[in-house]
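S.K.: Next up is a structure, given as structure tokens.
Readers should treat all values here as calculations from the given coordinates under stated rules, not as data from a laboratory. Not measured: the values here are computed from a predicted model. So basically every Cβ, Gly included, is an ideal-geometry build from the backbone, and we count neighbours across all protein chains shown.
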Amino acid sequence: MNDLWKKMFLTPADYGSEGLNNPHTRKLMNCIEFEHGGQAYDSKYPDGIPTSVVITTKGSDRLPP
């Protein structure tokens with residue numbers, strides 16, 4: 001499992017111009033709605049970087065975070 005984690009881990013280079021403009025990355029980004037988490041999230045920084053993900057399927061089933 002440790003080797004898998006190392007392969008999946010993102011580095012600063014993954015957020016560079018080449019990575020962010022990759023056609024596959026852009027296609028995925030076009031499917032995502034990004035939203036600011038508000039004060040509840042901001043107040044926890046810099047102790048952590050709070051995030052959440054909500055997935056809605058084609059059938060509009062909402063999967064909880």
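This table checks each residue for (1) in contact with a helix residue (DSSP H, G or I) (Cβ under 9 Å, 6 or more places away or on another chain); (2) assigned to a helix (DSSP H, G or I).
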{"site": "E18", "(1), (2)": "no, yes"}
{"site": "H24", "(1), (2)": "no, yes"}
{"site": "K27", "(1), (2)": "no, yes"}
{"site": "E33", "(1), (2)": "no, no"}
{"site": "G37", "(1), (2)": "no, no"}
{"site": "G48", "(1), (2)": "no, no"}
{"site": "T51", "(1), (2)": "yes, no"}
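S.K.: Filter segment 1-42 down to the residues that are surrounded by 10 or more Cβ atoms within 10 Å (Cβ to Cβ) and of a type in the set (S, T, N, Q) and list them by number.
M.R.: N22, T25
S.K.: If I ask for residues that are under 14 Å from the mean Cα position of the chain (by Cα) and of a type in the set (D, E, K, R), which ones from segment 10-26 would you list?
M.R.: D14, R26
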